[in-house]
Amino acid sequence: QVQLVESGGGLVQAGGSLRLSCAASGRTFSSYAVGWFRQAPGNERAVVAAISWSGGSTYYAGSVKGRFTISRDNAKNTVYLQMNSLKPEDTAVYSCAAVRGGSGSYYVVKEAYDIWGQGTQVTVSS
């Protein structure tokens with residue numbers, strides 16, 4: 001349906017901030033729930049945050065709650081992940097994923113998604 005491309009990753013010191021973008025192309029991005037996932041070496045890919053297509057419902061993993069914010073601008077076909085107060089433990093490859101869903105639905109398991117971006121590396125130094 002759509003293709004996703006992540007950007008905004010990089011190297012940052014602990015306590016710093018980054019904003020990741022997930023840009024969709026090929027189709028209108030409306031009616032897609034979106035999740036941000038991350039995978040560090042030796043770990044399984046796990047959800048970081050998720051958002052319904054309306055933007056009205058969001059989810060955050062406990063480890064990032066209060067530090068990360070997920071948002072979307074459907075007119076720009078883009079979903080964002082604002083990451084503040086970054087910690088070395090946040091170092092991972094971050095990927096966005098999308099699936100069609102109800103207006104108020106989000107999904108927190110990777111198996112729910114059928115469209116994935118290629119990922120962007122985030123490295124946090126101490």
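The values are calculated or read from the model by the stated rules, or taken from the named source; none is laboratory data. Note that the structure is a prediction, hence the values are computed from the model and not measured. Counting neighbours? That spans all protein chains shown, and the Cβs are built from the backbone with ideal geometry, glycine included. Heads up: the accessible areas ignore ligands, DNA and RNA and are worked out on the full protein's heavy atoms, side chains in. Shrake-Rupley method; radii C 1.70, N 1.55, O 1.52, S 1.80 Å.
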Exactly one of Gly102, Gly56, Gly62 is free of Cβ contacts under 8 Å to residues at least 12 places away in the same chain and farther than 15 Å from Glu6 by Cβ, and that residue is Gly62
Can you confirm whether the stretch 38-45 contains a residue that is of a type in the set (S, T, N, Q), in a strand (DSSP E or B) and in contact with a Lys or Arg (Cβ under 9 Å, 6 or more places away or on another chain)?
-> yes
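Residue by residue, here is whether (1) touching a Pro at 6+ places or on another chain (Cβ under 7 Å); (2) of a type in the set (A, V, I, L, M) holds:
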| position | (1), (2) |
| --- | --- |
| Ser85 | no, no |
| Val93 | no, yes |
| Gly101 | no, no |
| Ser105 | no, no |
| Ala112 | no, yes |
| Val124 | yes, yes |
Residue list for the stretch 5-30, filter: open to solvent by 10 Å² or more (accessible area, probe 1.4 Å), of a type in the set (A, V, I, L, M, F, W, C) and more than 13 Å from Asp90 (Cα to Cα) | Val5, Ala23, Ala24
So which residues in the stretch 49-58 are open to solvent by 70 Å² or more (accessible area, probe 1.4 Å) and assigned to a strand (DSSP E or B), if there are any at all?
-> none
Mind counting the residues in the stretch 76-126 that are under 22 Å from Gly66 (Cβ atoms) and acidic (Asp, Glu)?
-> 2
Select from the stretch 78-92 the residues that are free of Cβ contacts under 8 Å to residues at least 60 places away in the same chain and either among the charged types (D, E, K, R) or open to solvent by 20 Å² or more (accessible area, probe 1.4 Å) (or both) and list them in ascending order.
-> Glu89, Asp90, Thr91
Quick one: which of Ala33, Ala46, Ala75 is open to solvent by less than 20 Å² (accessible area, probe 1.4 Å) and of a type in the set (Gly, Ala, Ser)?
-> Ala33
The number of residues in the stretch 84-96 that are in contact with a Lys or Arg (Cβ under 7 Å, 6 or more places away or on another chain) and not in a loop (DSSP other than H, G, I, E, B) is 3
